[in-house]
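Throughout, read-outs are computed from the coordinates displayed, never taken from laboratory work. None of the values given here were measured: they were computed from a predicted structure. Glycine gets a Cβ as well: all are built from the backbone with ideal geometry, and neighbour counts include every protein chain shown.
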Amino acid sequence: MLLRLRLLLASLGGGILLLVILCLGSQNLNQRASLNLGFGRTAELPTGFLLGVALVIGVVSGGSATALLLPRASQDPGRE
């Protein structure tokens, strides 16, 4: 249980840290694009920012999935 919580918190913390660094680094980019979502378009954002957000979402979702899919450790150390 503690391992799952630590892994989940590390994943969320790493994602937040990557997002902060991404926001600081993409402030002065000139090339901007918008995404067509099918029902509308997003605001014009730098291409590097869009790719970085996709990376951050992947880090957070991968860490969360790993934390949720870890096998439970048996409570009794003698049992396998």
*Which ones in region 22-74 are more than 21 Å from Leu7 (Cα to Cα), in contact with a helix residue (DSSP H, G or I) (Cβ under 7 Å, 6 or more places away or on another chain) and in a helix (DSSP H, G or I)?*
Leu22, Phe49, Gly52
*Options Leu3, Leu19, Leu9; residue that is assigned to a helix (DSSP H, G or I), of a type in the set (A, V, I, L, M), surrounded by fewer than 11 Cβ atoms within 10 Å (Cβ to Cβ) and out of contact with any Pro (no Cβ under 9 Å at 6 or more places or on another chain)*: Leu3
*Sort out which residues of region 26-35 are within 23 Å of Ser61 (Cα to Cα) and either without any contact (Cβ under 8 Å) to a residue 24 or more places away in the chain or surrounded by fewer than 12 Cβ atoms within 10 Å (Cβ to Cβ) (or both), and write them in order of number.*
Leu35
